[in-house]
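Reviewing the structure listed below.
The values are calculated or read from the model by the stated rules, or taken from the named source; none is laboratory data. None of these values were measured; they are calculated from a predicted model. So basically every Cβ, Gly included, is an ideal-geometry build from the backbone, and we count neighbours across all protein chains shown.
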Amino acid sequence: MEKPWRLCGALERCTLSLVSWSWGACRVSLLALILTFHLYGGFFLLGLILASVAAILYKFQDILLYFPDQPSSSRLYVPMPTGIPHENVYIRTKDGVKLNLILLRYTGGDTTPGVTTGNQSSLSPTILYFHGNAGNIGHRVPNALLMLVNLKANVLLMDYRGYGKSEGEPSEDGLYLDAEATLDYVMTRPDLDKTKVVLFGRSLGGAVAVRLASANPHRVAAVIVENTFLSIPHMASTLFLSCPCASCPCGVTGISSCLIDRCSSVACPLCLYLAFLTSSSRLS
């Protein structure tokens, strides 16, 4: 009976020694932490605040980037064209989101000899209109009508997910899926010329148009881009002069819309319009 008691006593002494040593180490570590925080706590706190702000911006960047609710009635009322042939269409994207489209059909004036007015739209080019941020396709109808009359082309306007009467919430990947679904829809229409599909993108829509053209070189005849941006970080640094986003790669922000990189992979004619500046080039 004496040996087990000796063994228990030895274990007890070892345990107490270990606990005592651990407590001493904790006190030393705690003292080091207190001294470090006293000397450099402000820097650690600032770093923690900056990291928290960056994480919040990264998480909610779509909310900060897209404005489907401006003006306030944009999600409730979509103005429709009057007095011209048009179709109000709904399609589904690959991920199941329902989109609202308006197709303005060109049937006007200078018809080709031997071609009826009803078939004129099947011989005319079709412009896929990707609008800018805020508002809906109804707000772009007057501009689209000018294209229809002056360019003698059909115009197909598409509301991105979360805009107008389209379902879902806007996001970068979602916008590209919307563009793909719109192009696929045009390819299923027997009354539209599939060899004369032109993409037009304004502002935000310019990045969508260039991305769609780079991914579909054999289905797009030409691209027109108006007043778009070089990249999302570059646009942020322009709007907010103190923002260091321009020096960050696009992937760091979670947004890959670097337009210049995409333009090099566009095989069809590309025309870029900027304020007081116009450039046209054929990229190969």
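Summary of values
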{"item": "Pick from region 194-215, criterion surrounded by fewer than 19 Cβ atoms within 10 Å (Cβ to Cβ) and either more than 20 Å from the chain's Cα centre (by Cα) or not small (Gly, Ala, Ser) (or both), ranking: farthest from residue 101 (Cα to Cα)", "result": "195"}
{"item": "Residues located in region 69-111, provided they are basic (Lys, Arg) and surrounded by 12 or more Cβ atoms within 10 Å (Cβ to Cβ)", "result": "75, 92, 98, 105"}
{"item": "Some residue of region 165-187 being more than 25 Å from residue 80 (Cβ to Cβ), of a type outside the set (A, V, I, L, M), without any contact (Cβ under 8 Å) to a residue 12 or more places away in the chain and in the same structural domain as residue 96 (by TED's automatic domain parsing)", "result": "yes"}
{"item": "Extreme residue, surrounded by the fewest Cβ atoms within 10 Å (Cβ to Cβ), among residues of region 120-160 that are among the polar types (S, T, N, Q) and in a strand (DSSP E or B)", "result": "126"}
{"item": "Single match in 191, 178, 184 (criterion: in contact with a Leu (Cβ under 9 Å, 6 or more places away or on another chain) and either of a type in the set (D, E, K, R) or surrounded by 18 or more Cβ atoms within 10 Å (Cβ to Cβ) (or both))", "result": "178"}
